[in-house]
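Enquirer: Structure in structure tokens, see below.
The values are calculated or read from the model by the stated rules, or taken from the named source; none is laboratory data. Bear in mind the structure is a predicted one, so any value in this text is a computation, not a measurement. All Cβ positions, glycine included, derive from the backbone under ideal geometry; neighbour counts span all protein chains shown. The accessibility values were calculated without ligands, DNA or RNA, using every heavy atom of the protein model including side chains. Shrake-Rupley method; radii C 1.70, N 1.55, O 1.52, S 1.80 Å.
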Amino acid sequence: MANQPVIVDTTTIPIIPSTPAVNCSPDTIYFQQSVLPLITSNCAMSGCHDAISHRDGVILTDYTNIRREANPASPTSSDLYKCLNETGEDRMPPAPAAAFNPTQKVLVLKWIQQGAKNNSCSNTANCDTVNVTYSASVAPVLKTYCVGCHSAASPSAGIDLSTYAVVKVQAANGRLVGSITHAVGYKPMPSATSKLGSCEINQIQAWVTKGMLNN
């Protein structure tokens, strides 16, 4: 099927499907692994920029819509980047949600500077599912992909995934794995249009199987 162009500010931008890179580059910001989870977790929750709420007419749930807010010709002038540096009521994400930290802002800016590509990178060949721990394997993934919506400041569905105690409960009742694998009967997470990589899913499943230890 031919790629369909998306018109953004009278400029035609071809939306190219993401193809995982064979060799991941430490100097490249990959949309699927870094930008998408950061944006969807912090900006695309209900009431803000999800497909239903589309606050201010902006949807930030997928590449096509996020790309509308990015301008590689003038990265620092991109709406996607400028809103992260606003203050007061104009700052995104709005309080009480935490603002993007300097590292996250640089990540978004660098992605735009690199062309705002729909790129992806998979290191499944080096995925360790044996030496999995909560602190090194599970918590970082949840912080990147889930805590933006499920934190003490904005606990979607009343679930705060920033603490081990709650994560263990959700793992024990099957909702954690059911959601991240997009299993039938569970709410797909991080969202219906975004799924964790196979390595992250396998590591979390391995952690659950090994007893959900706080290690």
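Enquirer: Filter the range 34-63 down to residues that are part of a helix (DSSP H, G or I) and at pLDDT below 80 and give me whichever is nearest to the chain's Cα centre (by Cα).
Expert: Filtering the range 34-63 for residues that are part of a helix (DSSP H, G or I) and at pLDDT below 80, the one nearest to the chain's Cα centre (by Cα) comes out as S41.
Enquirer: Looking at the range 106-143, which of its residues are under 13 Å from C199 (Cβ atoms), in a helix (DSSP H, G or I) and either free of Cβ contacts under 8 Å to residues at least 40 places away in the same chain or among the polar types (S, T, N, Q) (or both)?
Expert: Selection gives T124, A125, N126, S137, P140.
Enquirer: Right, another one. Filter the range 185-195 for residues that are touching a helix residue (DSSP H, G or I) at 6+ places or on another chain (Cβ under 9 Å) and in a loop (DSSP other than H, G, I, E, B); which is most open to solvent (accessible area, probe 1.4 Å)?
Expert: K187
Enquirer: Now for a different question. Within the range 196-208, identify whether any single residue is within 19 Å of the chain's Cα centre (by Cα) and part of a loop (DSSP other than H, G, I, E, B), and answer yes or no.
Expert: yes
Enquirer: Hey, among S151, S179, S156, which residue is over 22 Å from S198 (Cα atoms) and under 15 Å from the mean Cα position of the chain (by Cα)?
Expert: Only one candidate passes the filter, namely S151.
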